[in-house]
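*Asks:* Below is the structure I would like to discuss, written out as structure tokens.
The values are calculated or read from the model by the stated rules, or taken from the named source; none is laboratory data. These numbers were taken from a predicted model, which means no experiment stands behind them. Neighbour counts run over all protein chains shown; Cβ positions are idealised from the backbone, glycine included. The accessibility values were calculated without ligands, DNA or RNA, using every heavy atom of the protein model including side chains. Shrake-Rupley method; radii C 1.70, N 1.55, O 1.52, S 1.80 Å.
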Amino acid sequence: MTHDVQLLRRYADEGFEPAFSELVSLHVDLVYSVAVRLVGGDTHLAQDVTQTVFTDLSRKAGSLPRGVVLAGWLHRHTFFVASSLVRTE
């Protein structure tokens, strides 16, 4: 089990906030850089995308599959959130 999955399980199962904070710290740069690219360089919109992605992760943590590759899920979800926000704009 990877460190990401262990942190995710700890947050989902126990509500251990420091585990979620560590996940955010580990992956915020990835999510933000993908978001900036997808929203055409609009840094404010990229920040909104990033916040939404991690808010969604906190809500969905318990329902993600046990063996999820978190970086892959975050990348894909960032794409969906950014696409939705760009269409809305």
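*Asks:* Would you mind finding the one in Glu17, Glu22 that is acidic (Asp, Glu) and surrounded by 14 or more Cβ atoms within 10 Å (Cβ to Cβ)?
*Replies:* After ruling out the rest, the residue left standing is Glu22.
*Asks:* Another question, then. (1) exposed (fewer than 15 other Cβ atoms within 10 Å of the Cβ); (2) under 12 Å from the mean Cα position of the chain (by Cα): which one isn't true of Val34, the others all being true?
*Replies:* Only one criterion is unmet by Val34, namely (1).
*Asks:* Which residues, counting only those in segment 41-80, are in contact (Cβ under 8 Å) with a residue 40 or more places away in the chain and open to solvent by less than 70 Å² (accessible area, probe 1.4 Å)?
*Replies:* Result: Leu45, Ser58, Ala61, Gly62, Leu64, Gly67, Val68, Leu70, Ala71, Leu74, Thr78.
*Asks:* So Ala12 clears everything in (1) under 20 Å from Arg76 (Cβ atoms); (2) open to solvent by 60 Å² or more (accessible area, probe 1.4 Å) except one condition, right? Which one?
*Replies:* (2)
*Asks:* In addition: Is it the case, given these coordinates, that Val86 is over 15 Å from Tyr11 (Cα atoms) and either open to solvent by 20 Å² or more (accessible area, probe 1.4 Å) or of a type in the set (A, V, I, L, M, F, W, C) (or both)?
*Replies:* Spelling it out, Val86 is indeed over 15 Å from Tyr11 (Cα atoms) and either open to solvent by 20 Å² or more (accessible area, probe 1.4 Å) or of a type in the set (A, V, I, L, M, F, W, C) (or both).
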